[in-house]
Amino acid sequence: MIKFLDLQKINAQYQEQFQEKLKLVLDKGWFILGDEVKTFETNFANYCGTKHCIGVGNGLDALILILKGYIELGTLQKGDEVIVPANTYIATILAILQVDLVPVLVEPNIETYNINPNLIEEKISSKTKAILLVHLYGQLCEMDAINDIAIKHDLVVIEDAAQAHGVQYSVSSIQCSETRNLKLATRNSSAYSFYPSKNLGALGDGGAITTNDDELAKVIFSLRNYGSEKKYHNELLGINSRLDEIQAAFLNEKLPNLDSDNNQRRVIAKRYLSEIKNIKIVLPRVDSIDNHVFHLFVIRTKNRQELQDYLLKNNIETVIHYPIAPHKQKALSSWNNLSFPITEKIHDEVLSLPMSPTLTNDEVSFVIEILNRY
Ligand SMILES: *Cc1c(COP(=O)(O)O)cnc(C)c1O
C-alpha cells in the first residue's frame, strides 16, 4: 500500500535524536516555556526571516492570538470585517468568529485554489480592517496584488501559513528598504501549525506566530500566557496557549531538515505535473515551483469517488481536502444557503495524491502509471 502520508516513516528518522531530547528535558525537569521553546522561537524566526516568533498551543490558537493581539492594540475592533477565502479549512473562519469579528468570504481561483485577488475589492466596506489569507495546500497566494489592495485600503494582512512552512514572500523579510515594503513587512503576521501531518510536524499539537511588529509580538507573548509577563501579574485578559517544551525540543531537531523535505516534495510534484497525462484529471496551476511547498498535491476530477476507489484498488491511498465547504457545514448553518459556486465545485472534485518527503521514486512512478491508465 502506498500511504497518503507515512508519519511513522517520517519520524522514524529522528528516533535517536528524539530520545536524547526527551532525556534532556526529563533530566532538567522544566516542562513549560523553557530553553527549548526559547531556542525554537529564535530558530523559527531566523528561518522565516522575521524579528519575532511566539510558540503557541496549535494553529487555530495562533490565528486567534494574532486577532486578539490586534484587538488589544486597537487595530481591530469587535464587529470589524475580515476578508477570508471561502475555500479553506474551517479553522481560518473559526478564528475570526471566536473573537467576534465578521468573516467576509471571497471565492478562490479554480486553478490555484487560492483566494482570487480580483474579487476582493468588491467585498471591502468601511468596516473591513484585515485580510486573513491562506496559502492553501502550500502555495503562496498572489501576494503582490493582495498587498496592493491592503495598502490602498489600509488593511492588515494576516497569513494562515499552517500548510506553508517555508514559503516566503520577499517583502516580509526585514531587510527590505523601500517604505512600501517596510510598511508591509511590519504589518504582516503569520500563523503556523505544527500538527503532526504538516510540513513541519510535532509529535502532538503545536503552533507559532511570526511577525516583525514589535508591539504585536509583545502583546501576543503576554496573551498566550494568561496575559501575564511577570508571574501572577495579569495585565491582559489572556488565554493559556503555550508551545509545549517537549514539542519544541522535537521541533528543534526537525527544523534543520525542513528545506530539504520541502525540496523533496517539489521533486515529487514536478514529476506529477509533467508526467500525469489523463484528460479526466485536472492538475493544479503552479506559477512558480519556488512559491509552493506542496503540503498537498491536489488534483480535480469529475467522478471523484470512482477515481478514489480505483486508486485504492491499486493500493494507493488518497485523501479529500476537504469534502464539505465551510459555508456548507452544520456548524455554520446560517450560511448554508449562501452560494460560492467555485468553492463548492472545488470541494466536490478535489483529491489529494500521496505526498511525503519519504515517497520513493518508484512509488511516485507507480502512482503516475496507475493514474495514466485510469
Ligand atoms: C491545520 C490547519 C489549521 C489549524 O491548525 P491546528 O494546529 O490543527 O489548530 C489552520 N488552518 C489551516 C489552513 C490548516 O491546514
Original post:
Is it fair to say Val156 is within 16 Å of the ligand (Cβ to nearest atom), in contact with a Ser or Thr (Cβ under 9 Å, 6 or more places away or on another chain) and β-branched (Val, Ile, Thr)?
Top reply: no
**OP:** Just give me the residues in the range 21-53 being among the β-branched types (Val, Ile, Thr) and at pLDDT 95 or above, in sequence order.
**Re:** Val25, Ile32, Val37, Thr39, Thr42
**OP:** Report yes if some residue within the range 79-92 is in contact with a strand residue (DSSP E or B) (Cβ under 7 Å, 6 or more places away or on another chain), closer than 25 Å to Ile239 by Cβ and in a helix (DSSP H, G or I); otherwise report no.
**Re:** yes
**OP:** Please report, ordered by residue number, the strands (runs of 3 or more DSSP E) entirely within the range 181-258 with at least 2 residues that are more than 30 Å from Ala145 (Cα to Cα) and more than 16 Å from the ligand (Cβ to nearest atom).
**Re:** 228-230
**OP:** Output the number of residues of the range 102-113 satisfying the condition of being in contact with a Pro (Cβ under 9 Å, 6 or more places away or on another chain), in a loop (DSSP other than H, G, I, E, B) and more than 14 Å from the ligand (Cβ to nearest atom).
**Re:** 4
**OP:** Take the range 16-27 and flag every residue that is touching an Asp or Glu at 6+ places or on another chain (Cβ under 9 Å) and within 21 Å of Gly57 (Cβ to Cβ).
**Re:** Phe18, Lys21, Val25
**OP:** Could you please find all residues in the range 135-163 being under 24 Å from Val56 (Cβ atoms), touching a helix residue (DSSP H, G or I) at 6+ places or on another chain (Cβ under 7 Å) and without any contact (Cβ under 8 Å) to a residue 60 or more places away in the chain?
**Re:** Val157
**OP:** Can you confirm whether the range 52-64 contains a residue that is more than 16 Å from the ligand (Cβ to nearest atom) and in contact (Cβ under 8 Å) with a residue 12 or more places away in the chain?
**Re:** yes
**OP:** Please enumerate the residues belonging to the range 280-317 that are touching a Lys or Arg at 6+ places or on another chain (Cβ under 6 Å) and modelled with pLDDT under 95.
**Re:** Ile289
**OP:** Give the number of residues within the range 211-235 that are crowded, with 16+ Cβ neighbours inside 10 Å, in contact (Cβ under 8 Å) with a residue 40 or more places away in the chain and of a type outside the set (S, T, N, Q).
**Re:** 8
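Taking the range 85-101 only, how many residues are within 11 Å of the ligand (Cβ to nearest atom) and either at pLDDT below 95 or in contact with an Asp or Glu (Cβ under 9 Å, 6 or more places away or on another chain) (or both)? Write out each step before concluding.
Step one: of the range 85-101, the residues within 11 Å of the ligand (Cβ to nearest atom) are 85, 87-95.
After this cut, where a residue has to be either at pLDDT below 95 or in contact with an Asp or Glu (Cβ under 9 Å, 6 or more places away or on another chain) (or both) as well, the list is 85, 87-89, 91-92, 95.
Residues meeting the conditions: 7.
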**OP:** Check whether at least one residue in the range 40-57 is farther than 22 Å from Met143 by Cα, assigned to a loop (DSSP other than H, G, I, E, B) and touching a Ser or Thr at 6+ places or on another chain (Cβ under 6 Å), and report yes or no.
**Re:** yes
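Pick from Leu7, Leu33, Leu65, Leu73: which is within 26 Å of Gln168 (Cβ to Cβ) and buried (at least 16 other Cβ atoms within 10 Å of the Cβ)? Quick ask: steps written out before the conclusion?
On the way: Leu7 fails: buried (at least 16 other Cβ atoms within 10 Å of the Cβ); Leu33 fails: within 26 Å of Gln168 (Cβ to Cβ); Leu73 fails: buried (at least 16 other Cβ atoms within 10 Å of the Cβ).
One residue alone meets the criteria, Leu65.
The values are calculated or read from the model by the stated rules, or taken from the named source; none is laboratory data. Note that the structure is a prediction, hence the values are computed from the model and not measured. Cβ sites come from the backbone with ideal geometry, for glycine too, and all protein chains shown count toward neighbours.
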